[in-house]
Amino acid sequence: MWEDSAMRPHRIAVLGVETVVGFDLAIPPQIFAGATGPDGPLYEVRVCSIDGGPLATNRGFTILPECGTDALREPDTVIVPGVDAETFTEDPKVTDYLRNLPAGTRIMSICTGAFVLAAAGLLDGRPATTHWAHADRFRERFPHVELRPDVLFVDDGDLLTSAGVAAGIDLCLHVVRHDHGSEIANRAARRNVVPPWRDGGQSQFIERPLPSPGATGTAPTREWLLHRLAEPLTLEAIAAHAGMSVRTFTRRFREETGTSPLDWLLGQRIEHARHLLEHTDLPIEEVAVASGLNTATSLRKHLRARLGIGPAAYRRTFHQD
């Protein structure tokens, strides 16, 4: 049973549903255990099944949760790990449980756990994501969900979904950052030896055909860009360096990297700014100029959008003397 206390940790129930993805099931207990404050753990995580019984996994082993949902009093957050999307069928007991959670309960899914939330009708009319390999299946089965297959996670307030497998780590760290700030989230990430934040989206992991042998790629131009991050660069100038039209270069670039040229360039500029904040004592305005972000305001905007933290706080946390 949960411990009742005015100062209790945030209560998380990880609800496994057959056939569960074992890796996904293990992510929340591992990540949230690394989030601690001056008075101890900030989260209490319990792993359960709807009836307390064992759960078959999609990798040839069985998991025995510590309890059923009836043993947990009103969790603050419920997380549904991934399931086998090809064999998933709705469990009316799970649907009933999810639909009748108290108002204000935060509900999350990892990977194909979004199938479980969608089957319960919780995602209708709302943005969500799932593993890219099952995006078409998801879209066909749940046409009323606003699927975003190119992102690592979607935070829609009380409903949060993540992309495939390890993106569950990104989502859990995001939740810690939202609840308790970047410093505690960064400590949790370091304890688990994972990056506090991954740039980009799951499009970078989607299988793509390799460029045909002998085809002119964009790698030389990407290398060229890395040495000119501080310069004002237009898409036309970048494409001209590659000897292609803007349209051809943009298509080729997306095929090879999974993102657009200007989005890729922005990511590299942010990475360079992070390096300068970590390894130099340059004023923040100079860091912005040297990285091609031009102003401290622009640097602050982009760093907060990517990492949830401003440049001054980032430097205090990560600066290496």
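The values are calculated or read from the model by the stated rules, or taken from the named source; none is laboratory data. Predicted model only: the values in this text are computed from it and were never measured. Cβ placement follows ideal geometry from the backbone for every residue including glycine, while neighbour counts extend to all protein chains displayed. The area values use the complete protein model at the heavy-atom level, side chains included, leaving out ligands, DNA and RNA. Shrake-Rupley method; radii C 1.70, N 1.55, O 1.52, S 1.80 Å.
Observations
- Identity of the residue in the range 10-34, in contact with a helix residue (DSSP H, G or I) (Cβ under 9 Å, 6 or more places away or on another chain) and at pLDDT below 95, that ends up farthest from V116 (Cα to Cα): G34
- Restricting attention to the range 50-69, the residues that are in a loop (DSSP other than H, G, I, E, B) and over 24 Å from the mean Cα position of the chain (by Cα) add up to 10.
- Residue within the range 83-93 that is among the basic types (K, R) and under 19 Å from V47 (Cα atoms) present: yes
- Some residue of the range 261-280 being open to solvent by 40 Å² or more (accessible area, probe 1.4 Å) and more than 29 Å from A188 (Cβ to Cβ): yes
- Some residue of the range 104-118 being surrounded by fewer than 20 Cβ atoms within 10 Å (Cβ to Cβ), in contact with a Lys or Arg (Cβ under 8 Å, 6 or more places away or on another chain) and over 24 Å from I169 (Cβ atoms): no
- One residue stands out among those in the range 165-179 that are at pLDDT 90 or above and open to solvent by 20 Å² or more (accessible area, probe 1.4 Å): the one that is farthest from A133 (Cα to Cα), which is D179.
- Condition met for G113 (at pLDDT below 95, in the same structural domain as I184 (by the TED database) and under 28 Å from R191 (Cα atoms)): no
- Set A13, A35: member being in contact with a strand residue (DSSP E or B) (Cβ under 8 Å, 6 or more places away or on another chain), open to solvent by less than 50 Å² (accessible area, probe 1.4 Å) and more than 22 Å from R187 (Cα to Cα): A13
- Flag if V47 is at pLDDT 95 or above, open to solvent by 10 Å² or more (accessible area, probe 1.4 Å) and either in a strand (DSSP E or B) or more than 16 Å from A13 (Cβ to Cβ) (or both): yes
- Yes/no for R106 being of a type in the set (K, R) and within 30 Å of R190 (Cα to Cα): yes
- Residue within the range 54-76 that is crowded, with 17+ Cβ neighbours inside 10 Å, modelled with pLDDT of 95 or more and either in contact with a Cys (Cβ under 6 Å, 6 or more places away or on another chain) or not assigned by the TED database to the domain that holds H174 (or both) present: yes
- Residue-level check: of (1) more than 25 Å from I169 (Cβ to Cβ); (2) open to solvent by 40 Å² or more (accessible area, probe 1.4 Å), T95 misses just (2).
- Any hit, the range 145-158, residues being in contact (Cβ under 8 Å) with a residue 12 or more places away in the chain, β-branched (V, I, T), out of contact with any helix residue (DSSP H, G or I) (no Cβ under 8 Å at 6 or more places or on another chain) and open to solvent by less than 40 Å² (accessible area, probe 1.4 Å): yes
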